[in-house]
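The values are calculated or read from the model by the stated rules, or taken from the named source; none is laboratory data. This is a predicted model, so every value here is computed, not measured. Cβ sites come from the backbone with ideal geometry, for glycine too, and all protein chains shown count toward neighbours. These area figures cover heavy atoms from the full protein model, side chains too; ligands, DNA and RNA do not enter into them. Shrake-Rupley method; radii C 1.70, N 1.55, O 1.52, S 1.80 Å.
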Amino acid sequence: MRYLPKSPAERTEMLRDIGASSIDDLFAIIPEEYRLQRDLDIPRQMGESEIVDHFKAASLKNANGYTSFLGAGVYKHYRPVVIDSLVQRGEFLTSYTPYQAEITQGTLQAIFEFQTMICELTGMDIANASMYDGSTGAAEAVMMAIRITGRDDVLVARTTHPEYREVMHTYAQHQGHTAREVNYGPDGRLDLAALEQSLTGETACILVQSPNFFGIVEDIPAIAGIAHKKGALLIVSIAEAVSLGIVRPPKEADIVSLEAQSFGVALSYGGPYCGVLAAKEKYLRQMPGRLVGETKDTQGRRGFVLTLSTREQHIRREKATSNICTNQALVALMATIFMTVYGKEGIKELALQNLAKAQYAAKTLSGSLNGGGRLLFAETPRFNEFILETGEAPEQLSARLLESKIIAGVALKKWYPELGNATLWCATELTTKDQIDTAASVLANAPVTAAAR
């Protein structure tokens, strides 16, 4: 019974052997005023059935029965039940790092298949499976570009996820390179003229997100042309992986950073998620994380091995590309199963459903606004997110919608004060027409402000 507490007789025996008369003797070194002198108010133990009832009651405090229009880098999509059935198998769930290829062929093959699918989706030559999430993937991509070019000036589109930018700046503060932001134009896309003016011969890369934080699809070929003209690399960050089912892959990019959470990874209070880096093959040696390759054994049978692992535990520390070394293979496996279940046509159909739902939501919700509200950047191509500018403050709007069990979009004032009362809304395939229509009816009942009168 190795995991059970010791009996009173065993405790007495242990104390006698170490020369202590009581457990209190063990804490004599701690000043008396810092010792706990009262009995803890610990509730009685519960039986298994009571514990189940307790957590069922606690779950009612969650957003059950609420409609959510939140997105902003974390997206609610349907998760096929087969995902949890497979990832909870012991050979996957308890397997950590596949150092010994001969006993981890399943994990290695899963990573290999994941890398292959990511390359097909992004238009890149190689991909890894070992970033923490989209934000660290974007920051690592910037560091990778600096190593490749030998330059230390970085340009970041202001339409890149604000939290991604914060992570990137955290990386930058002790790395000795600068990071400058380039603003967006009147269409919500990166301002190409401002980009050209900002680029110099010392610029290592331009980091841009597409679809961007506003949900707008950026002009990747045009941005790539401007960047490459100055010898800078183009990094494209993708926060909504489902968009790749219909949005043209950023094949003009040099490095692609992807958050694969949408591919079967639960929201889970913010993680763990699935960050990925994909790139052109010529940059292979500068890619952080792990790459799994295909080989043959001495009998000619197909097998899989860790082909490249540029982390400090495998090579000389000064030659390591990153200190990110936690294995994300289990989360990547979720995405692999998701992509396998849906397939090429399924992911395309899923993307089309998201596009249609967002289009209907944007049209319906913006059409119901009172007091001078409108849909921002209405003419620019977008995926499943859109921005509403309302006559009332986002705080009032959210409070009013919550009364009807509706969670409004994200207020943008914190990051984009120039947009005023703007909120970022999201609709996926799980958002129903009835939910959108209900939200529109609540929005239509907004109090008319003095300014609107």
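Residue by residue through segment 183-192, note down the ones that are open to solvent by less than 20 Å² (accessible area, probe 1.4 Å) and touching a residue at least 40 places away in the same chain (Cβ under 8 Å). Working first, answer last.
So in segment 183-192, the residues open to solvent by less than 20 Å² (accessible area, probe 1.4 Å) come out as 185, 188, 190.
Result: GLY188, single match.
How many residues does segment 247-299 hold that are touching a Ser or Thr at 6+ places or on another chain (Cβ under 8 Å), in a strand (DSSP E or B) and hydrophobic (A, V, I, L, M, F, W, C)?
7
Can you tell me which condition SER95 does not meet? The list is (1) touching a residue at least 60 places away in the same chain (Cβ under 8 Å); (2) open to solvent by 60 Å² or more (accessible area, probe 1.4 Å); (3) farther than 30 Å from LEU397 by Cα; (4) hydroxyl-bearing (Ser, Thr, Tyr), and all the others hold.
Answer for SER95: the failing condition is (2).
For segment 14-23, which residues satisfy the criterion of being open to solvent by less than 90 Å² (accessible area, probe 1.4 Å) and either more than 52 Å from the chain's Cα centre (by Cα) or at pLDDT 90 or above (or both)? Step through it out loud before you land on a result.
Initially, segment 14-23 is screened for residues open to solvent by less than 90 Å² (accessible area, probe 1.4 Å), giving 15, 19-20, 22-23.
Hits for segment 14-23 are LEU15, GLY19, ALA20, SER22.
Applying the selection to segment 24-52, what residues are open to solvent by 80 Å² or more (accessible area, probe 1.4 Å), assigned to a helix (DSSP H, G or I) and either touching a helix residue (DSSP H, G or I) at 6+ places or on another chain (Cβ under 7 Å) or of a type in the set (Asp, Glu) (or both)?
Scanning segment 24-52 gives ASP24, GLU32, GLU33, GLU48.
Here is a list of conditions, (1) under 24 Å from ARG79 (Cα atoms); (2) acidic (Asp, Glu); (3) surrounded by 14 or more Cβ atoms within 10 Å (Cβ to Cβ), and GLU345 meets all of them except one; can you say which number that is?
Unmet for GLU345, out of (1) under 24 Å from ARG79 (Cα atoms); (2) acidic (Asp, Glu); (3) surrounded by 14 or more Cβ atoms within 10 Å (Cβ to Cβ): (3).
Being modelled with pLDDT under 90, polar (S, T, N, Q), in the same structural domain as GLU120 (by the TED database) and in contact with a helix residue (DSSP H, G or I) (Cβ under 9 Å, 6 or more places away or on another chain) narrows it down to one residue among THR326, THR298, THR310; which is it? Lay out the reasoning, then the answer.
On the way: THR326 fails: in contact with a helix residue (DSSP H, G or I) (Cβ under 9 Å, 6 or more places away or on another chain); THR298 fails: in contact with a helix residue (DSSP H, G or I) (Cβ under 9 Å, 6 or more places away or on another chain).
That would be THR310, the only listed residue that is modelled with pLDDT under 90, polar (S, T, N, Q), in the same structural domain as GLU120 (by the TED database) and in contact with a helix residue (DSSP H, G or I) (Cβ under 9 Å, 6 or more places away or on another chain).
If you go through segment 361-372 one residue at a time, how many are open to solvent by 20 Å² or more (accessible area, probe 1.4 Å) and in contact with a Ser or Thr (Cβ under 9 Å, 6 or more places away or on another chain)?
Initially, segment 361-372 is screened for residues open to solvent by 20 Å² or more (accessible area, probe 1.4 Å), giving 363-364, 366-367, 369-372.
Still in the running and in contact with a Ser or Thr (Cβ under 9 Å, 6 or more places away or on another chain): 369-372.
Looking only at that region, the number is 4.
In segment 53-76, how many are in a helix (DSSP H, G or I) and either within 30 Å of SER243 (Cβ to Cβ) or of a type outside the set (S, T, N, Q) (or both)?
Summing the residues that are in a helix (DSSP H, G or I) and either within 30 Å of SER243 (Cβ to Cβ) or of a type outside the set (S, T, N, Q) (or both) in segment 53-76 gives 6.
Kindly evaluate GLU202 against the criterion of being among the acidic types (Asp, Glu) and open to solvent by 60 Å² or more (accessible area, probe 1.4 Å).
Values: among the acidic types (Asp, Glu): yes; open to solvent by 60 Å² or more (accessible area, probe 1.4 Å): yes.
The answer is yes for GLU202.
Quick test of your reading of the structure: ILE246 fulfils all but one of (1) open to solvent by 10 Å² or more (accessible area, probe 1.4 Å); (2) among the β-branched types (Val, Ile, Thr); (3) within 23 Å of PRO162 (Cβ to Cβ). Name the failing condition by number.
For ILE246, the failing item is (3).
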